[in-house]
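Written out below as structure tokens is the structure these notes cover.
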């Protein structure tokens, strides 16, 4: 028989049930948290027109798009053109020529497209979350895939700092519910960074490299940052003042007060500090503990994108880096509508979060199946009784699998153990004759013989569900 | 400002929150049912190697694949080849030349690939379900999309008829839980159809057209089928016997008994009738009511695919056609492993099911949002109290949105009404001073003033959740 190699595409993964039991639990917890804050689900198509995607992610992004090849007559016509002399045959020109659709590259651009397309249907402010795969033709490596999930939470249509605080509060609630105990959300503001550059007399052309150096504070510590700033040729007094500002330690409000004199005199500094003060107040009122967030002047994030507050959550006892972040960005929707709308959002780095859960021992290894009970089959005459017991377990909401055919008990229990099913409902001829069933806990080997009519109630108790 | 048209790709859909509230409820109900029967989730990548997909869906299928364009040097090299004389420039040849990956076309082939690739990890028999989008470049039309969800439930690794019955039982349970009251599952067997062809002396070369004619019984009724069979040039006595067999009416076991003498004498007929008898017995024992399934000799389904029992569920009061179906197929996995494994499965036609729910009045129109309560903001001094109330609602598991900024009450309630949020928690200065909150049911306009500490409990009661 001819055989086809059963190989998945490069950089992609099959998720088997044991993976999905964990993933679905964590996705469910995140969805539940977002919805408790009034954020609603949105789903966009995997395929977008290239006109929507191109130019949004830089040259690198355009190169990493998964493009859909044209079909039929339009493919033939595009290929015909290529045969002409003088056609640009670079990969970049070819790919534009041979495709007009591509796979989603992130969730933000499709979100902006939807807001623009459904302006009249959507009540603003619009709180939405989106958890869907995206595709990037990066070189696959450990922990980096070509198809992976992103998870974004955004609100469009309001400048209220309540929303900025809500973003940090949602990070706090998700990471707490996931069981992390060492996380902290770093908070900063682009206006405050602008004021810092101005007040320390960093010339405009040096501001991007200076901010890039400052952003490395958590990796290369103060001495490393000072060296990089020196190398930029900044005046010693500028470097000195920058270093003083970014290393101020203390509670968020203390840092805020310490910066007020230095930065509060410029309009962007005054506005940024005022907005951060509001955010800190709301965070208190939302019940986020003070030890869970910092005012961190060295947080910079994507320079060309964010326009106000910025956020990033890290674990203090891990080298895994950011588990998610975000901020306020006001210029995205305007690309589609011609009219800017204020936005603020955060993302969760799904794959990194799974790595972190594993590192911190927060993933339950033993849960390898969603199935809670195996109902055994003894002989064809007892199948009816086994099916009746299975039915009663299911009616009580339990996930119960019936073994596929009558067989010795041993291979049936071996099957349950291999899958990690915690409970077996065993029906032999004796139990059948007495209208009973043996419930065996396969983890502890405890077992009890109970009337079939009580099987569901007893099984729930043994599984700790009642 | 330059504007990009916010248009989604042809044949695709954006799902807004009001759509997803319905879709997620129904997807959740289906997942829950599958898991109660011990079926476990599986997810495969959207992108597959074309070697896995090509040749599995016929010429039409190959043509409708969404292919991923090669990138970088391999694209340049492929394009370079095209410039050579003598290259086949048909769309079919071009598309093979310019791509080696494509989007998933169905869920069955990836399932077979996973079973083959993970043979040592997966305990057989393996019950799995899969609900994921697939892509087909069909001409879009009403109710037909290029990106749409499929939902498959299959078991690989056993020939037990218990599984065949389980498939029909799962159809029964899902359609019942969705609220359908007029559905019936038609059941037949490929071996019985083979025996029918043989016993009625239909020559081998006429069997496919004869079965194709018989399959139309539910559309063109008996006279139409008889005409088509006559046109094939079959002997009048053959047509007479075929018509008698496919129009036998009665309970499944009565039809089975009536066919025993005619078809039970050939090996495939005897085996098919015995297997159907087992399935009917198990269906009784699984609690599926007799009026919910029929033994329907005119059910044929995909001829080249199924090898045993076949199923299809329809509504008796609708012209929408099949809401799902399936059967036993034994030759799929062997394409990847070189060794056949028995399989049986059913699918649910997700998009058709939504059409049917709408047609039968089973979709709740009013539920336009997942959010259960809007907490209003009166003035900056009362924000803290509003945030505290929101926190208590969320702690009780409620989905509560805080309005984004202090404003007159009227636009806040208009916002809640527009979104379909059922409850408002109103905090003005008077309530704030007395530590109270007004809970207003926005559907009935009932309202009660309660202490803030009791807000969650009272809100749950007003929403009917306690």
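The values are calculated or read from the model by the stated rules, or taken from the named source; none is laboratory data. Keep in mind that what you see is a predicted model, and the values were worked out from it rather than measured. With ideal geometry, Cβ positions are generated from the backbone for all residues, glycine too; neighbour counts draw on all protein chains shown.
Using the structure shown, decide if residue B:3 is in contact (Cβ under 8 Å) with a residue 24 or more places away in the chain and surrounded by fewer than 19 Cβ atoms within 10 Å (Cβ to Cβ).
For residue B:3, the condition - in contact (Cβ under 8 Å) with a residue 24 or more places away in the chain and surrounded by fewer than 19 Cβ atoms within 10 Å (Cβ to Cβ) - is not met.
Read through the list (1) buried (at least 19 other Cβ atoms within 10 Å of the Cβ); (2) part of a loop (DSSP other than H, G, I, E, B); (3) more than 8 Å from chain B (Cβ to nearest Cβ), then give the number of the only condition that residue A:55 fails.
Exception for residue A:55: condition (1).
Looking only at region A:125-144, filter to residues that are out of contact with any strand residue (DSSP E or B) (no Cβ under 7 Å at 6 or more places or on another chain) and more than 9 Å from chain B (Cβ to nearest Cβ); which one of those is modelled with the lowest pLDDT?
A:143
May I ask you to list the residues in region B:118-138 that are more than 21 Å from residue A:401 (Cα to Cα) and in contact (Cβ under 8 Å) with a residue 24 or more places away in the chain?
B:132, B:133, B:134, B:135, B:136, B:137, B:138
Output yes when any residue across region A:183-193 is within 14 Å of chain B (Cβ to nearest Cβ) and either more than 29 Å from the chain's Cα centre (by Cα) or over 21 Å from residue A:225 (Cβ atoms) (or both), and no when none is.
No.
Report the residue count in region A:159-205 for those that are in a helix (DSSP H, G or I) and closer than 23 Å to residue A:271 by Cβ.
Counting residues in region A:159-205 that are in a helix (DSSP H, G or I) and closer than 23 Å to residue A:271 by Cβ gives 20.
Inside region B:347-451, counting only helices (runs of 4 or more DSSP H) that do not spill past its ends, which hold 1 or more residues that are closer than 30 Å to residue B:39 by Cα and within 14 Å of chain A (Cβ to nearest Cβ)?
Filter on region B:347-451 gives B:350-359.
Going by what's in this entry, would residue A:152 be described as at pLDDT 95 or above, part of a strand (DSSP E or B), under 19 Å from the mean Cα position of the chain (by Cα) and closer than 26 Å to residue A:341 by Cβ?
When the stated conditions are applied, residue A:152 passes them.
Kindly indicate the residue of region B:250-283 that is in contact with a strand residue (DSSP E or B) (Cβ under 9 Å, 6 or more places away or on another chain) and in a loop (DSSP other than H, G, I, E, B) and also surrounded by the fewest Cβ atoms within 10 Å (Cβ to Cβ) among those meeting that condition.
B:250
Among B:333, B:346, which is the only one that is crowded, with 21+ Cβ neighbours inside 10 Å and more than 30 Å from residue B:24 (Cβ to Cβ)?
Going through B:333, B:346 in turn, just one is crowded, with 21+ Cβ neighbours inside 10 Å and more than 30 Å from residue B:24 (Cβ to Cβ): B:333.
Can you name the condition, by its number, that residue A:174 falls short on among (1) more than 10 Å from chain B (Cβ to nearest Cβ); (2) at negative phi; (3) surrounded by fewer than 19 Cβ atoms within 10 Å (Cβ to Cβ)?
Going through the list (1) more than 10 Å from chain B (Cβ to nearest Cβ); (2) at negative phi; (3) surrounded by fewer than 19 Cβ atoms within 10 Å (Cβ to Cβ), residue A:174 breaks only (3).
Specify which of the listed residues (A:433, A:456, A:461) is surrounded by fewer than 18 Cβ atoms within 10 Å (Cβ to Cβ) and farther than 20 Å from residue A:380 by Cβ.
Exactly one of A:433, A:456, A:461 is surrounded by fewer than 18 Cβ atoms within 10 Å (Cβ to Cβ) and farther than 20 Å from residue A:380 by Cβ, namely A:461.
Can you pull out the residues in region A:97-117 that are in a strand (DSSP E or B) and either within 8 Å of chain B (Cβ to nearest Cβ) or under 30 Å from residue B:404 (Cα atoms) (or both)?
Within region A:97-117, A:101, A:103 meet the criteria.
Name every residue in region A:10-20 that is at the interface with chain B (Cβ under 7 Å from one of its Cβ atoms), buried (at least 19 other Cβ atoms within 10 Å of the Cβ) and outside any helix (DSSP H, G or I), in order of residue number.
A:12, A:16
Given the criteria touching a residue at least 24 places away in the same chain (Cβ under 8 Å), touching a strand residue (DSSP E or B) at 6+ places or on another chain (Cβ under 6 Å) and within 19 Å of residue A:122 (Cα to Cα), does residue B:416 qualify?
Considered against the rule, which asks whether it is touching a residue at least 24 places away in the same chain (Cβ under 8 Å), touching a strand residue (DSSP E or B) at 6+ places or on another chain (Cβ under 6 Å) and within 19 Å of residue A:122 (Cα to Cα), residue B:416 comes out as yes.
Anything in region A:22-52 that is in a helix (DSSP H, G or I) and within 8 Å of chain B (Cβ to nearest Cβ)? List them, or say none.
A:24, A:35, A:36, A:51, A:52
Looking for whichever is crowded, with 22+ Cβ neighbours inside 10 Å, more than 30 Å from residue A:135 (Cα to Cα) and at pLDDT below 95 here; the options are A:297, A:286. Which one fits?
None of the other options fit; the residue is A:297.
Taking the condition within 19 Å of the chain's Cα centre (by Cα) and surrounded by fewer than 21 Cβ atoms within 10 Å (Cβ to Cβ), does residue A:28 pass?
Yes.
Can you report the number of residues in region B:437-449 which are over 20 Å from residue B:369 (Cβ atoms) and either in contact (Cβ under 8 Å) with a residue 60 or more places away in the chain or surrounded by 19 or more Cβ atoms within 10 Å (Cβ to Cβ) (or both)?
So the count comes out to 1.
Going by what's in this entry, would residue A:309 be described as at negative phi, more than 13 Å from chain B (Cβ to nearest Cβ) and at pLDDT 95 or above?
So residue A:309 passes the test.
Are any of the residues in region B:353-367 touching a helix residue (DSSP H, G or I) at 6+ places or on another chain (Cβ under 7 Å) and modelled with pLDDT under 90?
Scanning region B:353-367, I find at least one residue that is touching a helix residue (DSSP H, G or I) at 6+ places or on another chain (Cβ under 7 Å) and modelled with pLDDT under 90, so the answer is yes.
Here is a check on your reading of the model: is residue B:344 within 13 Å of chain A (Cβ to nearest Cβ), in contact with a helix residue (DSSP H, G or I) (Cβ under 6 Å, 6 or more places away or on another chain) and under 30 Å from residue B:271 (Cβ atoms)?
Answer is yes for this residue.
Consider region A:66-81. How many of its residues are out of contact with any helix residue (DSSP H, G or I) (no Cβ under 6 Å at 6 or more places or on another chain) and surrounded by 17 or more Cβ atoms within 10 Å (Cβ to Cβ)?
Summing the residues that are out of contact with any helix residue (DSSP H, G or I) (no Cβ under 6 Å at 6 or more places or on another chain) and surrounded by 17 or more Cβ atoms within 10 Å (Cβ to Cβ) in region A:66-81 gives 3.
May I ask you to list the residues in region A:58-73 that are touching a residue at least 12 places away in the same chain (Cβ under 8 Å) and either within 9 Å of chain B (Cβ to nearest Cβ) or assigned to a strand (DSSP E or B) (or both)?
Those that are touching a residue at least 12 places away in the same chain (Cβ under 8 Å) and either within 9 Å of chain B (Cβ to nearest Cβ) or assigned to a strand (DSSP E or B) (or both): A:63, A:64, A:65, A:66, A:67, A:68, A:69, A:70.
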